[in-house]
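First comes the structure, then the notes that go with it.
Read-outs: derived from the displayed coordinates by stated rules, not from any lab. Remember, it's a predicted structure, so these values are computed and weren't measured experimentally. Please note: Cβ atoms are built from the backbone with ideal geometry, for glycine as well, and neighbour counts cover all protein chains shown.
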Amino acid sequence: MATQTDITLYTEGTPNGLKTSIVLEELGLSYKVRPISIFEHEQKEPWYLKINPNGRIPALTDKLDDGQEVNIFESGAILLYIVSKYDKDHKISYPVGSKEHWDTVSWLMWQMGGLGPMQGQANHFFSAAPKTDDYGYSLGRYVNESRRLYRVLDTQLSNNPHGYIVGDRVTVADIAVWPWAQAWKSSGLKTMDEFPNVQKWMTKLLARPGFEKGRNVPGPHFHIQLNEMSEEEIDKLMRARTGWVLEGMAKDAK
C-alpha cells in the first residue's frame, strides 16, 4: 500500500518532470498529479508562479511535519526534499555525511548543471530551432558536449560493478540522469553504440516498476518511441513545437 502524503506534483512529461514522478513511485508514495499544459504556457500563469516563481516544471507542494505548507521547485531540489523527508530507510539514498551521499549529490549536480542544460540546448537546436546561419554551429556545439557527457557517464558506470552511478543501489543520481539519457536521439545523437554501459544501465532501470510507472506520468513517455524513429520523422514531429518555443522565448524576453 502506498504511503499517504500531502504532495501535489505539477508536471509534464519532460525529462525534468519525469525525475520527480519516478522518485515518488520508487518510494511508493501516494501523491496527486496536476498536469501543466506547457504548450499553452500554463506554467506562466499567475497562480502557478506563486508555486514556482521561475515559471517552469516540475514543482511540488507538500506539508511539513508542523503542518506548514511548502512549495519546492527546481527538480534537483525536489528530489533532495523527497528523499530527506520520505526515504528514512535509504531505499534510494545514503545517510547524509557518508561518502556515497556526497557522491550522489555530486552526480545529481552534474546532471543539473551539465547533462540537462547541454541536452536541452541540443534538443532545441536539433528539433525546434528555426534554420538560421548559426544553426549548424550551435547544434554541433551542444551535441558534441552532450556526447562528451555521455562518455563521462559511461566511464562511471563501467567502474561500478553494481551497475549504478553510485554505490550498490539506485539513487536520485540515476533517477535524475535516466530521463535525459533516454532522450538521446531527439538531442541529435545518432547512435548509442559507443556507450554500452549507458545502454545496459538504461535497460536495467527500465525494468524497475517504479521507473516504468513514473516515466508515464502524467502521460505516456514518448522519448523512447522517438529513439525508434528516423531523423526525418523526428524533425517532422517536433517542428510542430517551433511556434510554441519561439512564442515562449518572446514572452520571457519582455
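Computed quantities for the displayed model
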quantity: 12 Å beta-carbon shell around Trp107, net charge (K/R +1, D/E -1); calculated: -3
quantity: Candidate aspartates and glutamates - alpha carbon under 20 Å from Lys236, same-chain residues fewer than 8 apart omitted; calculated: Glu228, Glu247
quantity: Positive-end extreme of charge dipole, the chain - chosen from Phe126, Trp107, Thr203 (charges on Cβ); calculated: Phe126
quantity: Distance violations [Cα-Cα > 31 Å] among Lys85/Lys204; Lys19/Lys251; Lys99/Lys190; Lys88/Lys204; calculated: Lys99/Lys190
quantity: Cβ-based net charge around Asn197, under 11 Å, with every Lys or Arg adding one and every Asp or Glu removing one; calculated: +1
quantity: Scattering profile of segment 33-108 at q = 0.17 Å⁻¹ [log10 I(q)/I(0), Debye over alpha-carbon scatterers]; calculated: -0.76
